[in-house]
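Take a look at the structure below.
Any read-out appearing in this document is the output of simple, stated calculations on the displayed coordinates, not a laboratory observation. From a predicted model like this one, the values you see are computed outputs, not experimental measurements. Ideal geometry is used to build each Cβ from the backbone, glycine not excepted, and the neighbour counts take in all protein chains shown.
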Amino acid sequence: MPQPAKHAELDHPTLDVLAQRWSPYVFNPRPVEEEKLKSCLEAARWAASSYNEQPWTFLVARREEPEEFAEMLGFLVEANQAWAKNAGVLLLTVVCRTFQRNNKPNRVAEHDVGLAAGNFTVQATALGLAVHQMAGVELAKAKAAYQIPDTHDPYTGIALGYAGDPALAEEQKLGERDQSPRPRKPLSEIVFQGRWGATAKWLS
Ligand SMILES: Cc1cc2nc3c(=O)[nH]c(=O)nc-3n(C[C@H](O)[C@H](O)[C@H](O)COP(=O)(O)O)c2cc1C
């Protein structure tokens, strides 16, 4: 089945894979091939990080293990459960906010987990998969259930799988979301030069 495409409308050229990435609400409930999952995690592993601390860990629940999948699904907020239940794989990112080398706070630990999630997402897109990241996770419940140590905290959820046909969405509003526009701020609003609020001259 062809993947529904919701590619970015670019003002300037980018790598194809970046323009192709988007976050679907409608997933086709099929498993993700093990090699593809490993490849996405490998991409995450090779992200840059401050002092090469690699402050990320991933808890993974695949459709093929229905009990584990259902358990992780249960840690998502209800609105996310409604669509994430059809993903092939659910993941929880976990952050370590202290440097293991000296026990001092790592101010950019979350940033680095985000970079790893970004690598994961780009690799997934290149493999024909889709990723939908989630802030809506019951973090305290997940921390207790997975026995995550005090040194680490669950941080975000990731749904990985194959985008489905919005016309076949179980809930009409989810299909509509997948066909809605993808607004972005123009570069003139987010790229400044010289002082705050001054659009970079070379942009106009
Ligand atoms: C860290 C993060 C948390 C997110 N949390 C949620 C979430 O809990 N529920 C949801 O439906 N979408 C969530 N999203 C998806 C965003 O809404 C989506 O990325 C944004 O609207 C841009 O759409 P696009 O990814 O298709 O470009 C999250 C995305 C990120 C990066």
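Structure data summary
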| quantity | calculated |
| --- | --- |
| Test: residue in the stretch 65-75 that is within 16 Å of the ligand (Cβ to nearest atom), under 17 Å from the mean Cα position of the chain (by Cα), assigned to a helix (DSSP H, G or I) and crowded, with 17+ Cβ neighbours inside 10 Å | yes |
| Leu41 vs. criteria within 16 Å of the ligand (Cβ to nearest atom), closer than 28 Å to Phe27 by Cα and touching a residue at least 40 places away in the same chain (Cβ under 8 Å) | no |
| Qualifying positions in the stretch 85-130 - over 23 Å from Glu33 (Cα atoms) and surrounded by 24 or more Cβ atoms within 10 Å (Cβ to Cβ) | Val113 |
| For Thr151: the one exception among (1) surrounded by fewer than 15 Cβ atoms within 10 Å (Cβ to Cβ); (2) in contact with a helix residue (DSSP H, G or I) (Cβ under 8 Å, 6 or more places away or on another chain); (3) hydroxyl-bearing (Ser, Thr, Tyr) | (2) |
| So Tyr162, is it touching a residue at least 60 places away in the same chain (Cβ under 8 Å) and under 30 Å from Asn106 (Cβ atoms) | no |
| Selection within the stretch 7-31 - in contact with a Phe, Trp or Tyr (Cβ under 8 Å, 6 or more places away or on another chain), surrounded by fewer than 18 Cβ atoms within 10 Å (Cβ to Cβ) and aliphatic (A, V, I, L, M) | Ala8 |
| Residue in the stretch 165-188 that is under 30 Å from Asn52 (Cα atoms) and outside any strand (DSSP E or B) present | no |
| Within the stretch 17-38, considering residues that are within 17 Å of Leu91 (Cβ to Cβ) and within 16 Å of the ligand (Cβ to nearest atom), the one farthest from the chain's Cα centre (by Cα) | Phe27 |
| Test result for Ala124, assigned to a strand (DSSP E or B) and of a type in the set (Gly, Ala, Ser) | no |
| From Ala82, Ala140, Ala144, residue being of a type outside the set (Ser, Thr, Tyr), within 12 Å of the ligand (Cβ to nearest atom) and surrounded by fewer than 17 Cβ atoms within 10 Å (Cβ to Cβ) | Ala82 |
| Cβ-Cβ under 9 Å pairs, at least 6 apart or on other chains, the stretch 134-153 side among the polar types (S, T, N, Q), far side surrounded by fewer than 17 Cβ atoms within 10 Å (Cβ to Cβ) | Thr151/Arg97; Thr151/Thr98; Thr151/Gln100 |
| Leading residue by the ranking (farthest from Gly128 (Cα to Cα)) among those in the stretch 172-204 that are touching a residue at least 12 places away in the same chain (Cβ under 8 Å) and within 22 Å of the chain's Cα centre (by Cα) | Arg184 |
